[in-house]
Amino acid sequence: MTKVKVENLKKNFGKLEVLKGINLEVKEGEVVCLIGPSGSGKSTFLRCINRLEEISGGVVIVDDNDLTAKGSNINKIRENIGMVFQQFNLFPHLNVMENIMLAPVDRKKMTKEQAREKAVTLLDAVGLAEKALEYPANLSGGQQQRVAIARALAMEPDIMLFDEPTSALDPEMVGEVLEVMKKLAADGMTMVVVTHEMGFAREVAGRVIFMDGGYIVEEGTPEEVFGNPKNKRTQDFLNKVL
Amino acid sequence: MNGFTNFIDYTIGIFPQLLKGMSLTIQMTVLSLILALIIGILSCMFTISKIKVLNVIAGIYLSLIRGTPLMVQAVFIYFGIPAVLGIKILPFHAAIIVLCLNAGAYLSEIFRSGIMAVNKGQMEAARSLGLPYGVAMVKIILPQAFRIVIPSVVNQFIITLKDTSILSVIGCGELMKQGSLIVARNFRGFETYAIIGAMYYIVITILTKIAKIIERRLSNDKS
């Protein structure tokens with residue numbers, strides 16, 4: 001079943017054209033990794049999938065909901081699209097538990113009790129059960145990012161978007177976050193991941209997409225893209241980062 | 001020594017009248033600040049709203065207040081407007097109107113800067129969870145902005161307290177006016193204004209101390 005369907009997606013900031021016509025389909029349970037040089041539009045593309053960026057042209061359909069259609073309830077649609085940011089973006093005035101419980105309770109997906117139970121389970125799953133009452137400022141970057149993942153999962157989304165989730169982390173903390181993401185992928189979560197972690201992409205991705213200059217330049221299985229890149233630009237990029 | 005006891009006696013003599021003035025000063029300050037907070041919040045909402053008309057209304061209000069001196073605003077509202085409309089305004093009411101419009105404009109800008117100072121990612125994270133704009137604002141952005149603006153808001157409170165003295169020009173019987181009345185009677189400007197200065201100083205210092213305590217308590221628990 002198709003979870004995300006993108007057709008001829010265009011995005012411009014003023015005169016600057018960032019996305020020049022992207023087509024993509026993501027199937028249920030698939031893990032898609034977006035790679036490419038900075039400025040290639042991969043983060044912008046990701047942010048169009050939950051309309052954090054207004055879409056300039058084309059169609060984005062998530063779970064059969066057309067995000068660009070007039071009268072589409074974007075808030076409702078976003079409840080099913082989890083997002084994890086490079087800078088974690090935990091709410092600093094709320095503790096870990098409150099960070100996770102806020103949205104499920106406010107959006108009435110759960111009662112307080114259910115949300116608390118869910119939060120405990122999720123914190124356990126990301127290995128931070130003992131940090132439930134800490135404030136974000138007292139956590140390391142890696143811990144914050146794991147809480148951010150738990151927070152997104154608390155809404156029980158069926159798609160997760162990751163925007164360079166390990167780029168702001170100290171090297172020794174990258175592993176713990178990637179571990180959580182691997183577990184998530186193994187559990188069958190549909191994931192779209194913008195990443196510079198080629199090792200992760202190679203190991204976990206079902207499909208790797210190389211973007212450059214606002215286009216998808218090349219896509220395929222990790223073996224195809226990393227092992228035998230066909231496009232010159234893909235080759236150049238991989239030569240630099242591998 | 002004789003001069004000192006003389007001074008003490010003088011102070012005790014005029015103190016009841018000054019105290020009456022101080023009480024009015026504080027009433028004016030508190031009342032106008034309560035109104036100013038409401039005006040400030042409204043004006044700030046107008047400013048950050050996506051509706052153009054509201055932006056323009058707030059823009060005109062802010063530029064008018066910031067672009068004219070408080071004393072001009074005061075005499076305009078007390079003498080100017082009643083002359084045209086043929087109504088009478090009590091000095092106290094005119095003073096409240098001027099002060100709350102004035103402080104409201106500055107508070108509006110303080111609130112706006114506080115909201116702007118909250119990291120953009122906070123709104124994005126809240127919205128990505130499915131929270132509507134209003135909920136994200138109330139539960140995520142405003143609590144953080146609130147902490148950021150406390151020092152500036154307290155500062156504005158102090159400025160407003162001091163600004164009340166300007167309103168002696170429209171005949172409001174607040175502290176400054178009471179002092180001027182006394183001096184007009186006995187020509188003892190040095191002692192009288194020194195005492196008045198000391199009274200403002202003490203009240204403002206107490207206010208600042210209280211604000212520090214509140215600030216510390218709020219920033220203590222988290223980040």
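Tabulated data for the structure shown
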read-out: Of A:K5/A:K112; A:K27/A:K183; A:K10/A:K232, those spanning more than 29 Å from alpha-carbon to alpha-carbon; value: A:K5/A:K112
read-out: B:T205 accessible area, assembled protein chains, probe 1.4 Å, Å²; value: 50 Å²
read-out: When each of A:K182/A:K230; A:K109/B:K120; A:K76/A:K109 is checked by Cα-Cα distance, pairs over 20 Å; value: A:K182/A:K230; A:K109/B:K120
read-out: Simple Cβ-charge dipole of chain A, Lys/Arg +1 and Asp/Glu -1, about Cα centre, in debye nearest 20; value: 680 debye
read-out: Dipole-positive endmost among A:L19, A:Y135, A:V62 within chain A (Cβ charges, Cα centre); value: A:L19
read-out: Spin-label proximity, A:K232 to region A:198-221 - amide N less than 16 Å from point 7 Å beyond Cα toward beta carbon; value: A:212-213, A:217-218
read-out: Shielding score for A:89-98, defined as the mean number of other chain Cβ atoms within 10 Å; value: 5
read-out: Accessible surface of chain A [probe 1.4 Å, protein heavy atoms]: carbon and sulfur percent; value: 47 percent
read-out: For region B:2-222: rounded, prolate or oblate by the Cα gyration tensor [a/c cutoff 1.5]; value: oblate
read-out: Among A:N80, A:N228, A:N99, residue whose mean-square fluctuation peaks in a GNM of chain A (springs only between Cα atoms under 10 Å); value: A:N228
read-out: GluC sites (Glu not before Pro) restricted to region A:52-101 and DSSP loop, no more than 15 other C-beta within 10 Å; value: A:E54
read-out: Estimated inter-spin distance, A:E203 and A:E54, nm [label 7 Å along Cα→Cβ]; value: 4.2 nm
read-out: Cβ neighbours within 10 Å from other chains - mean over A:103-110; value: 3
read-out: Candidates B:N155, B:N119, B:N102, ranked by Gaussian network fluctuation over chain B, Cα under 10 Å, top entry; value: B:N119
read-out: Portion, in percent, of the accessible area of region B:86-138 that falls on carbon or sulfur, probe 1.4 Å; value: 69 percent
read-out: B:I87 accessible area, 1.4 Å probe, all protein chains in place, Å² to nearest 10; value: 90 Å²
read-out: Qualifying trypsin sites (Lys or Arg not before Pro) in region B:1-54, DSSP loop, other Cβ atoms within 10 Å at most 12; value: B:K50
read-out: Rounded accessible area per residue of chain B, 1.4 Å, Å²; value: 54 Å²
read-out: 1.4 Å probe, heavy atoms, protein only - residues of region A:129-155 losing at least 20 Å² accessible area vs chain alone; value: A:Y135, A:A137, A:R151
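The values are calculated or read from the model by the stated rules, or taken from the named source; none is laboratory data. Computed from a predicted structure; not experimentally measured. All Cβ positions, glycine included, derive from the backbone under ideal geometry; neighbour counts span all protein chains shown. Heavy atoms of the whole protein, side chains included, go into the accessibility calculation; ligands, DNA and RNA do not. Shrake-Rupley method; radii C 1.70, N 1.55, O 1.52, S 1.80 Å.
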